[in-house]
1. Being in contact (Cβ under 8 Å) with a residue 60 or more places away in the chain and either touching a Ser or Thr at 6+ places or on another chain (Cβ under 7 Å) or under 23 Å from D92 (Cα atoms) (or both): is that true of E167 here?
2. Would you confirm whether or not region 171-183 contains a residue that is within 22 Å of G114 (Cα to Cα), under 20 Å from the mean Cα position of the chain (by Cα) and in the same structural domain as A32 (by TED's automatic domain parsing)?
3. Hey, among the residues in region 338-359 that are in contact with a Phe, Trp or Tyr (Cβ under 6 Å, 6 or more places away or on another chain) and not in a helix (DSSP H, G or I), which one's farthest from C238 (Cα to Cα)?
4. Quick check on this structure: which one of D179, D201 is buried (at least 21 other Cβ atoms within 10 Å of the Cβ) and either modelled with pLDDT of 85 or more or under 21 Å from L77 (Cα atoms) (or both)?
5. Looking for whichever is in contact with a Ser or Thr (Cβ under 8 Å, 6 or more places away or on another chain), of a type in the set (G, A, S), under 24 Å from D59 (Cα atoms) and in the same structural domain as V69 (by TED's automatic domain parsing) here; the options are A159, A155. Which one fits?
6. Starting from region 388-417, take each residue that is of a type in the set (D, E) and list its partners that are part of a strand (DSSP E or B), counting only C-beta distances under 9 angstrom and pairs at least six apart or across chains.
7. Kindly indicate the residue of region 79-130 that is acidic (D, E) and over 27 Å from G187 (Cβ atoms) and also modelled with the lowest pLDDT among those meeting that condition.
8. Quick one: which residue in D79, D92, D118 is on the phi < 0 side of the Ramachandran plot, under 41 Å from the mean Cα position of the chain (by Cα) and charged (D, E, K, R)?
Amino acid sequence: MKYRILSLVLALALALALCPAVALAAEDEASAAAEQLYELGLFQGTGTDEDGNPVFALDQEPTRAEAVVMLLRLLGLEDEVEASDYETPFTDVPDSYWAASYIGYAYHYGLTSGVAEDRFGLESGDTVTAAQYVTFMLRALGYDDGAGDFTVDHAVAFAQSVGFTIESDWVEGTFTRGDVALISYYGLAAQLKGSDETLADSLGLYSYEADLSSASAASSEENQALTAYSADEIESLCAPSVFQIIVYDKYGNATSEGSGFFIDSSGIAVTCYHVIYNTSSAKVTLTRYNNQTYSVSKVIYCDAKEDIAVLKVSNISIKGAAIDSFPSLTLSSQTLQSGDEVYAIGHPNGGDLTVSEGSYIDTTVQDYKTYYRAGATIYPGSSGGALINEYGQVVGITAALITDEPSVSLSIPISVLAEYDLTGSGSTYSTTSTVRSDQYALSASQYSITVSRGKVGEITLTDVYKTGSEFSCKSRNNRIADCGWDSDTLDPDNMKLQILGKRTGTTSVVVTLYDSDGNQMATAVIEVTVT
């Protein structure tokens with residue numbers, strides 16, 4: 001078979017280390033992984049429901065046959081399997097069995113064996129363990145347990161040691177098809193043995209790439225050829241693509257709400273980073289389209305400095321209804337001119353969707369961020385909504401209001417998205433942790449230092465946003481160098497880090513900035529040489 005090239009492949013696995021992912025409840029995340037693998041042709045259901053949608057049976061334990069099929073698909077061998085006709089000694093695998101050709105192929109090439117000399121193991125009790133399935137995944141990555149790369153008993157630990165994301169709750173207790181989906185999906189982002197290429201790369205799968213290059217190339221002549229719409233027409237055209245987003249803590253309690261909008265019909269959406277920060281899950285409701293609610297599968301990319309998050313929304317509603325495509329907005333490269341008509345669309349105060357009409361004022365920089373100032377009023381809950389030009393295109397992401405100018409709002413230019421690489425393999429978080437990792441929040445006066453034995457060197461660490469609460473430092477080898485803070489200059493925003501050289505050698509000092517709740521905001525690594 002030919003693998004389908006999707007615009008959002010690896011939406012789960014490619015959230016960058018720059019940000020904390022919105023971690024979902026285990027069953028929601030497994031369902032999202034299964035859906036994406038199904039779209040890729042890598043994961044099949046156990047049947048279909050009355051509407052023809054696949055039933056994944058994620059609570060069931062996986063069979064040995066299902067594991068072999070998944071292995072061969074992940075190796076990109078399905079075409080070869082379909083063309084093969086290998087026999088096996090297994091009396092419990094008749095030629096008519098749905099996976100007979102897969103089992104025959106895998107047995108012929110030494111990728112699997114039976115539970116006995118003449119029995120593959122298709123009885124209900126012959127299920128796959130977590131270690132056995134991870135072994136299959138490692139083989140797909142090019143590792144060979146037969147050659148001594150690892151042992152089956154220690155497959156999970158070995159996989160984690162080579163950068164394969166596997167959470168403990170996926171491999172502890174009863175091993176399910178849901179766990180298979182999660183391990184398989186995150187395995188696509190794992191690198192092949194001895195290579196920078198990922199498993200997804202080897203299969204010809206590609207991640208989502210926003211179509212911003214063409215938008216950036218749009219000329220003023222093209223803008224002049226566009227149709228200018230009235231406020232009512234803007235609302236009719238654009239409001240269906242804007243949603244309300246509600247975020248939840250790890251206990252499932254709704255903690256806040258905001259707005260967002262789709263930029264691609266596959267479910268790629270944009271909101272403000274501060275809307276999702278410090279939360280454990282999120283759901284969006286398309287109040288002006290079908291009034292259905294959908295879970296956020298993952299954060300594809302986010303930038304705390306610019307206050308932007310790019311999300312992937314599941315195409316299965318919380319009621320189980322599938323949607324083929326989401327209503328989405330067109331991104332604009334238009335250069336706004338003072339007085340241009342703009343419209344802010346969002347869900348102020350968690351209420352009904354509104355459209356606020358106004359005009360662009362100017363561009364300003366506040367708190368190290370660039371904003372459009374516009375006379376389109378927004379309120380709390382509008383954050384993450386769409387700022388639309390008169391042509392019905394997105395020019396900004398509504399982000400903040402100005403307290404002493406209540407009729408003026410601040411929006412992040414949509415052009416910022418063009419600076420992001422949404423195609424990289426990156427790193428991912430699959431945890432309910434609320435750690436905020438913001439590389440811009442902590443700055444050092446220098447990131448390397450040389451000190452003599454018995455001498456002290458000094459570096460200034462700055463809390464860029466002045467929102468942190470506490471610094472800490474730790475030497476990775478305190479026999480070479482130790483660290484501490486200058487007690488005479490305990491400026492909460494600019495701390496003096498002192499590094500004492502103790503023995504000749506090299507090490508590093510890790511500085512961490514925490515917020516008032518004790519959550520990690522950022523780290524800085526200082527390379528230290530002692531002479």
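The values are calculated or read from the model by the stated rules, or taken from the named source; none is laboratory data. Since we're looking at a predicted model, the values are computed, not measured. Note that each Cβ is placed from the backbone with ideal geometry, even for glycine, and that neighbours are counted across all protein chains shown.
1. Yes, satisfied.
2. yes
3. By that ranking, first place goes to D340.
4. Answer to the check: D179.
5. Checking each option against the conditions leaves just A155.
6. E390/E341; E390/V342; E390/Y343; E405/R373
7. E123
8. Criteria check complete, one pass: D79.
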